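Below you'll find the structure, written out as structure tokens, and then a few comments.
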Amino acid sequence: MCLIIHKPAGKAVPSHIIEAAFTANNDGFGVMWYDPAVKDCGYHKALYKTLTPIKKIMEKLIPYEAGIHFRFKTHGDISVA
């Protein structure tokens with residue numbers, strides 16, 4: 001089963017939570033966020049083999065409200081599509 005994390009604006013998700021989520025659910029990563037300055041949402045999805053790029057993304061998203069998705073494959077292919 002996939003894991004979804006809601007991250008409030010101005011808050012960081014603790015590193016141990018990100019590490020545990022990635023360890024248990026590493027079949028894909030996605031994040032969506034709202035940027036009030038441009039009144040629009042952004043998103044990013046990828047397959048990462050390590051935590052380093054995910055941690056970098058999470059640092060950049062501290063100012064924004066975000067939804068973070070860690071996929072655990074139950075059916076279908078593992079892909080970013």
The chain, accessible area per residue, ligands and nucleic acids excluded (1.4 Å, Å²): 68 Å²
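Sum -39500 (n - 2.57) across every DSSP H segment of at least 4 residues in the chain, then divide by the residue count to get the 222 nm mean residue ellipticity, nearest 500.
-7000 deg cm²/dmol
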Residue (of Leu51, Ala37, Ala21) at the positive-pole extreme of the chain, dipole from beta-carbon charges: Leu51
The chain shape via C-alpha gyration tensor axes, a/c threshold 1.5: prolate
Rounded to the nearest 20 debye, dipole of the chain from Cβ charges on Lys, Arg, Asp, Glu: 100 debye
Lysine pairs in the chain with Cα atoms under 17 Å, if 8 or more residues apart or on separate chains: 12
Carbon and sulfur %, accessible surface of the chain computed with the full protein complex present, 1.4 Å: 61 percent
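The values are calculated or read from the model by the stated rules, or taken from the named source; none is laboratory data. What you see is a predicted model; the values in this text were computed from it and never measured. Ideal geometry is used to build each Cβ from the backbone, glycine not excepted, and the neighbour counts take in all protein chains shown. Please note that ligands, DNA and RNA were not included when accessible areas were found on the heavy atoms of the full protein model with its side chains. Shrake-Rupley method; radii C 1.70, N 1.55, O 1.52, S 1.80 Å.
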